[in-house]
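For reference, the structure is listed below as structure tokens.
The values are calculated or read from the model by the stated rules, or taken from the named source; none is laboratory data. Predicted model only: the values in this text are computed from it and were never measured. Neighbour counts are summed over all protein chains in view; Cβ atoms, including those assigned to glycine, are modelled from backbone coordinates with ideal geometry. The accessibility values were calculated without ligands, DNA or RNA, using every heavy atom of the protein model including side chains. Shrake-Rupley method; radii C 1.70, N 1.55, O 1.52, S 1.80 Å.
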Protein chains: 2
Amino acid sequence: MASLTIALDAMGGDFGPCVTVPASLQALASNSELIIKLVGLSSNIEPLLKSASSEVLSRLEIIPAESMVANDAKPSQAIRNSRGTSMRIALDLVKSGEAMACVSAGNTGALMGLAKLMLKPLDGIERPALVSAIPNQQGGKTLVLDLGANVECDGDMLVQFAVMGAVMAEEILQVDNPRVALLNIGEEETKGLDNIQAAAAILKNAQQINYIGYLEGNDLLTGKTDVLVCDGFVGNVTLKTLEGVIRVFLSLLSSGKRRPTWWMKIFSYWFKKRLSKRFGHLNPDRYNGACLLGLRGTVIKSHGAANQQAFAVAIEQAIQAVQRSVPMQIAARLQAVLPKSE
Amino acid sequence: MASLTIALDAMGGDFGPCVTVPASLQALASNSELIIKLVGLSSNIEPLLKSASSEVLSRLEIIPAESMVANDAKPSQAIRNSRGTSMRIALDLVKSGEAMACVSAGNTGALMGLAKLMLKPLDGIERPALVSAIPNQQGGKTLVLDLGANVECDGDMLVQFAVMGAVMAEEILQVDNPRVALLNIGEEETKGLDNIQAAAAILKNAQQINYIGYLEGNDLLTGKTDVLVCDGFVGNVTLKTLEGVIRVFLSLLSSGKRRPTWWMKIFSYWFKKRLSKRFGHLNPDRYNGACLLGLRGTVIKSHGAANQQAFAVAIEQAIQAVQRSVPMQIAARLQAVLPKSE
């Protein structure tokens, strides 16, 4: 296996090769060590490669696939019928060691199910979790997990998420001794669901985790923690609420019933630029790519609606996770925190 | 009992009588039918009544209490030791029929527990739920429940919340045939937790409820529904996330590293005014007061940090709920939707 080989599901997402192929070329051009295995229908991919230089093309290989997982397919069904799909072949390349990571913008449920089936969880991990880095008020980022891989979680799973998040914060965000908090509905110890209280009891005594206690929803962006742990249902609703509120707020800046005067226009332009400079980091294009943590391989889930820039960010995430050996680091840390698990 | 008598826990909240007494005087002055029973320590209340007119004072009665529930007390303990507290006495006035509603800014857990214990749920309701009206993008409001009264809910409870929300949307928001949605992590039927799917199966066949399906977190402010139903854990995290994001966004408008020029200052002032006009309705002062629905009496929970204006809004909510006979309307509707429950 070459030093830095990534398998891409070229057919996934709302736009398929129209986005994944240009994003691949962009990533290859900006990283000379990168090799991409583009999995999909050659007839859809090849026409999009015409403008690429021969040097870039020498590091791109098309791996043919017969079909693709439909975006709206029920995950269980999609997994049963996955043989020959671009998503499954891309994951197979990671399993066989021909690629070190897989990136897909396809059906989330199918990707998570297939990835778990094929790449297997690390020792000590019951189920992988989706994590994403949310920019915070202090100019840093907060890793939030799980974002939807597991709608129900027991206390042990939350502890595993905490360990995975802490390792990722150290390796990817480069934070020393990252703070880890549990998302809850109050900061008092007696608050919340049983699984959260059970996780808190374990984390409090885990020497290897810098556990700081419970935080509430209003601390999502304050930067009080580096890692925020919750179950996948709550994580998904929270992230989508965040995105919804930001969208509404930004839309309010441009709408108005009265015809704007010239000075309103100038000011609005200036103000929106200023806001986008501060809030641009909350733009999904820039933080695209949720990482599926806890498997014996790296899998990055891109937004289905990702554009070229956003998909290139997801590829960049995969590269970082590979370079930092995130799965191996998690495995090592789990041994220390959960010596008796599994 | 007089036509419109409200019992207030004068001691509750971060500021106690300093907020509750002036807010009471304000409410009495603006509603000539209102009678308020202020429950608390006379020595703390009386000095604050000096400026009031004799007409207003004639409709205000101080009901003495010996003590108060601490804001940080564990609810179970607070309930055990509640005899003689202003919160309990105020609820007692509702139970005995001497008041038609109770408003408190005190300990949320204690208020919910005590209210349930003393006022009893309506037939067909397992547990009361906290509901609040969130302003939406279309200029209307969306009722969201439960906001934290019940961290765990089964499908039947979610159905009961849906019924209660629908009645409140009709009676308080005056929406005909209000749309009701379940908060979930996807809009497909197969998504989400078992309790949500169970509730969906019942609501789909409930003739009396205009059930429109699942909505996601990003639809919290879009106005696609009049009533959004979720369990108390998710509701609490979602509402706090919303408040946190708005706070961050508004703070970004005023902060900056460079010293602003005169024209930046003028424009910023103008723009913030414009934003507050549009976003002011998301100001907690204006939508303060979560209603505890499902009991044989009306209980309004004010934010603990409410100021005079916000507490007056909570009193106004109590008045509306009483005038619209919300508890009786819910009881009647429940009979129709859930004929066999309880």
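Observations on the model:
- Positive-end residue of A:S132, A:L122, A:A149, charge dipole of segment A:118-167 with Cβ unit charges: A:S132
- The mean accessible area for residues of the protein assembly as shown, using a 1.4 Å probe and ignoring ligands and nucleic acids, is 42 Å² per residue.
- Modelled label reach - B:S42, point 7 Å along Cα→Cβ, segment B:52-69 residues with backbone N closer than 18 Å: B:57-68
- Protein heavy-atom accessible area occluded, A/B pair - total, 1.4 Å probe, Å²: 4600
- Label-point gap, in nm, between A:L117 and A:D14 - each point 7 angstrom along Cα→Cβ: 2.7
- Sorted from shortest to longest, the distances between the B:Q335 label points of this copy and the other copies are 6.9 nm, with each point 7 Å from Cα along the line through the beta carbon.
- GNM top mover of A:N288, A:N177, A:N136 - chain A, alpha-carbon springs below 10 Å: A:N177
- Cα lying deepest toward the dipole's positive end in segment A:51-113, options A:P75, A:S58, A:C102, charges on Cβ: A:P75
- Shortest-first distances to equivalent copies, position B:N44, nm, label 7 Å out along Cβ: 6.7
- Taking 7 Å steps out from each Cα toward its Cβ at B:E243 and B:N81 produces label points 2.6 nm apart.
- Candidates A:I62, A:I134, A:I185, ranked by Gaussian network fluctuation over chain A, Cα under 10 Å, top entry: A:I185
- Fraction of accessible area attributable to carbon and sulfur, segment B:1-95 (%, probe 1.4 Å): 51
- At 7 Å out from Cα toward Cβ: A:A29 inter-copy label distances (nm, ascending): 6.9
- Computed with every protein chain present, the accessible area of A:Y214 is close to 20 Å² [probe 1.4 Å].
- Net dipole in debye of chain A [+1 Lys, Arg Cβ; -1 Asp, Glu Cβ; about Cα centre; nearest 20]: 1380
- Placing a pseudo-label 7 Å from each Cα along the Cα-to-Cβ vector at A:S51 and B:A305 gives an inter-label distance of 5.0 nm.
- Put a plus charge on the Cβ of each Lys and Arg, a minus charge on the Cβ of each Asp and Glu, and nothing anywhere else: the dipole of segment A:1-59 about its Cα centre is then about 100 debye.
- Taking the DSSP beta bridges with both ends in the protein assembly as shown, the antiparallel portion is around 30 percent.
- Order by protection proxy (mean Cβ within 10 Å, highest first), peptides A:145-153, A:198-206: A:145-153, A:198-206
- Check: the protein assembly as shown dipole with +1 on Lys, Arg Cβ and -1 on Asp, Glu Cβ, in debye: 2440
- Whole-Å distance, taken between Cα centres, linking segment A:1-79 and segment B:295-334: 57
- Helices meeting the span-like rule in chain B (full DSSP H runs, Cα extent of at least 18 Å along the helix axis, mean Kyte-Doolittle score of -1.0 or higher): B:17-30, B:155-171, B:232-254, B:262-279, B:308-323.
- Here the sum of -39500 (n - 2.57) over DSSP H runs of 4 or more residues, divided by the residues of chain B, equals -13500 deg cm²/dmol at 222 nm, to the nearest 500.
- Neighbour cut-off at most 12 other Cβ (10 Å), DSSP loop, GluC sites (Glu not before Pro), segment A:1-105: A:E33, A:E66
- When nucleic acids and ligands are ignored and a 1.4 Å probe is applied, B:D156 ends up with an accessible area of around 80 Å².
- Extension gain for A:E152 to A:E189 (0.36 nm times residue separation, less C-alpha to C-alpha distance): 11.2 nm.
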